[in-house]
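Everything below concerns the one structure shown next.
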Amino acid sequence: MARQLLVLEEVIGMLQSISAPTRVIDAFRKQAEFVLEKRPRSELDNVTVASGFGQATQQGFVELTLNDQLSQFEPKKAREIGLMLIEAAEAASSDEMIMKLLDRVGIENVEARGNMLIELREIRQGTRGTARPQ
């Protein structure tokens with residue numbers, strides 16, 4: 001199973017949904033922000049995509065390299081991944097617009113904005129988490 005990543009606001013929203021004490025949520029947020037600030041960040045990922053033909057299989061393939069991780073896919077799977085990337089990019093742009101709108105209309109509470117984003121994500125994709133293709 002692939003590892004799932006969560007946005008800090010999503011975790012805060014989950015803690016609130018289980019009625020975690022405010023002091024616990026505040027301590028968690030403070031620690032998470034401290035850790036995230038210290039995490040080494042790559043400002044630019046190296047992504048390459050190439051097509052190829054397997055002599056042994058006599059089939060075409062697509063090769064995707066992200067930094068130092070190489071993956072190969074059948075063309076059908078590569079098309080599926082391409083569509084997922086386009087859909088995720090559109091959703092990310094939508095999320096950004098929503099967050100800017102909430103800021104402009106005066107909703108400054110980060111937790112409230114995070115909760116609204118989670119609710120809108122569920123409406124958009126049918127789940128609060130990562131949407132997986134069928």
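The values are calculated or read from the model by the stated rules, or taken from the named source; none is laboratory data. Keep in mind that what you see is a predicted model, and the values were worked out from it rather than measured. All Cβ positions, glycine included, derive from the backbone under ideal geometry; neighbour counts span all protein chains shown.
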(request) Go through the range 1-34 residue by residue and tally those that are of a type in the set (G, A, S), assigned to a loop (DSSP other than H, G, I, E, B) and surrounded by 10 or more Cβ atoms within 10 Å (Cβ to Cβ). (result) 1
(message) I'd like to verify a number: residues in the range 35-53 that are within 17 Å of the chain's Cα centre (by Cα) and surrounded by 10 or more Cβ atoms within 10 Å (Cβ to Cβ), how many?
(response) 1
(message) If I go through the range 55-74 residue by residue, how many of them are at pLDDT 90 or above and touching a Ser or Thr at 6+ places or on another chain (Cβ under 8 Å)?
(response) 7
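Is it the case, given these coordinates, that L120 is surrounded by 13 or more Cβ atoms within 10 Å (Cβ to Cβ) and more than 19 Å from the chain's Cα centre (by Cα)?
So L120 does not fit the description; no.
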(request) Would you tally the residues in the range 62-77 being of a type in the set (D, E, K, R) and either surrounded by 13 or more Cβ atoms within 10 Å (Cβ to Cβ) or at positive phi (or both)? (result) 3
(request) Return only the number of the condition from (1) touching a Pro at 6+ places or on another chain (Cβ under 9 Å); (2) among the hydroxyl-bearing types (S, T, Y); (3) under 25 Å from I123 (Cβ atoms) that S51 does not satisfy. (result) (3)
(request) Would you mind finding the one in E80, E111 that is modelled with pLDDT under 90 and surrounded by 11 or more Cβ atoms within 10 Å (Cβ to Cβ)? (result) E111
